[in-house]
Amino acid sequence: MHDINELNTRFGLAEKLSFSTIGENMAMAVVSTEQCSARIALQGAQVVDWTPVGAKPVIWLSRDAKFLPGKSIRGGVPVCWPWFGAHESRKDVPAHGHARTVPWDVLSSKSLEDGRIKLTFCLQTSPATQALWPHDTPLELHISLGTTLELELITRNNDSEPVIISEALHTYFAVGDIRQVGVIGLDSSSYLDKVDEFTRKTQRGNVTFTGEVDRVYVNTESECIINDSVWQRRIHIKKEGSRSTVVWNPWIDKAAAMGDLGEAGYMAMLCVESGNALDNLVTIEPGEEHRLRVIYNIE
Ligand code: BG6
């Protein structure tokens with residue numbers, strides 16, 4: 001359990017960063033500056049929302065999001081780690097790994113000279129993490145918030161053997177109307193189509209949405225752009241250390257079955273996830289680290 005008074009004393013930044021609780025006593029970092037407003041749940045070190053000043057929200061949070069201990073929050077930037085999707089052999093462990101549903105610690109907070117706020121979170125190896133993932137691979141997440149949003153996820157391998165991970169920054173973006181959105185940057189890329197039994201296909205043109213889309217694009221390091229004709233804006237997604245891009249919208253029926261996506265929520269969001277999955281698993285040698293970095297901005 002996080003101690004809010006202690007968090008405010010150690011990491012609060014006058015009028016720019018404070019800590020409070022939401023839902024069932026879930027600790028949140030709340031950022032409010034001349035550049036943006038944002039919240040980050042300490043459970044999962046999950047960015048929950050991010051809105052540059054004067055803009056519509058860029059990171060989407062479901063109206064029906066629940067803030068419950070041990071449950072992933074619907075929206076924001078869940079950290080899927082150390083595996084993406086279902087575990088390859090175990091059925092008793094959570095989809096997308098445990099990092100998004102356990103409490104993280106705050107390591108530092110800083111007001112940068114350019115006006116951004118930088119927060120660093122860590123997830124140490126513990127008996128609880130080792131029950132799900134028997135490796136000593138501490139994680140750090142660096143988050144910089146301003147007119148851009150930048151996240152860097154660092155996995156260190158303190159084991160004596162190589163470890164293999166998959167991962168994704170499972171970002172939910174807010175859009176005016178999903179039916180009038182195109183994702184630019186994946187033309188000619190191969191993908192595994194999760195709504196067609198993982199059949200391997202090739203993307204032609206931009207990704208558009210007229211039904212459920214759940215695709216893992218592999219071997220792509222390209223920048224993607226979400227072109228939103230209704231809100232007349234483009235969201236740029238740049239990435240490093242990532243060879244997979246996942247594009248997901250559950251559409252009507254799956255959204256209704258999920259129970260926390262909000263009424264017509266599927267119309268107002270899509271996920272474009274930067275990570276490494278399926279063909280692009282990452283091997284980290286003993287003593288080495290792996291970095292996954294994304295930068296988001298709007299024009
Ligand atoms: C996407 C997956 O990344 O996450 C989808 O490709 C999945 O298959 C979606 O449905 C949401 O997952 P969850 O566990 O947050 O409901």
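The values are calculated or read from the model by the stated rules, or taken from the named source; none is laboratory data. As the structure is a prediction and not an experimental result, all values here were calculated from the model. Every residue, glycine as well, gets a Cβ built from its backbone with ideal geometry; the counts of neighbours run over all protein chains shown.
Working carefully through the options S109, S20, find the one that is without any contact (Cβ under 8 Å) to a residue 60 or more places away in the chain, small (G, A, S) and not in a helix (DSSP H, G or I).
S20
Determine whether region 247-265 contains at least one residue that is touching a residue at least 24 places away in the same chain (Cβ under 8 Å), farther than 15 Å from G75 by Cα, crowded, with 20+ Cβ neighbours inside 10 Å and within 16 Å of the ligand (Cβ to nearest atom).
no
So, of the residues in region 89-106 that are over 17 Å from the mean Cα position of the chain (by Cα) and not hydrophobic (A, V, I, L, M, F, W, C), which turns out to be modelled with the highest pLDDT?
Checked region 89-106; the qualifying residue modelled with the highest pLDDT is D105.
So, in region 274-294, of the ones that are touching a Ser or Thr at 6+ places or on another chain (Cβ under 6 Å) and within 12 Å of the ligand (Cβ to nearest atom), which residue ends up farthest from H135 (Cα to Cα)?
For region 274-294, the residue satisfying everything is S274.
Yes/no per residue for (1) of a type in the set (S, T, N, Q); (2) within 15 Å of the ligand (Cβ to nearest atom); (3) under 26 Å from R293 (Cα atoms); (4) assigned to a loop (DSSP other than H, G, I, E, B):
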position	(1), (2), (3), (4)
A168	no, yes, yes, no
F173	no, yes, yes, no
V183	no, yes, yes, no
D187	no, no, yes, yes
L192	no, yes, yes, no
F209	no, yes, no, yes
D214	no, yes, yes, no
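I'd like the full set of residues that are buried (at least 19 other Cβ atoms within 10 Å of the Cβ), of a type in the set (S, T, Y) and more than 14 Å from the chain's Cα centre (by Cα), limited to region 266-295.
Passing the criteria: only Y266.
Mind listing just one residue for me: the one in region 145-165 that is in contact with a strand residue (DSSP E or B) (Cβ under 6 Å, 6 or more places away or on another chain) and among the polar types (S, T, N, Q) and, of those, farthest from the ligand (Cβ to nearest atom)?
Applying the filter and picking the extreme gives T147.
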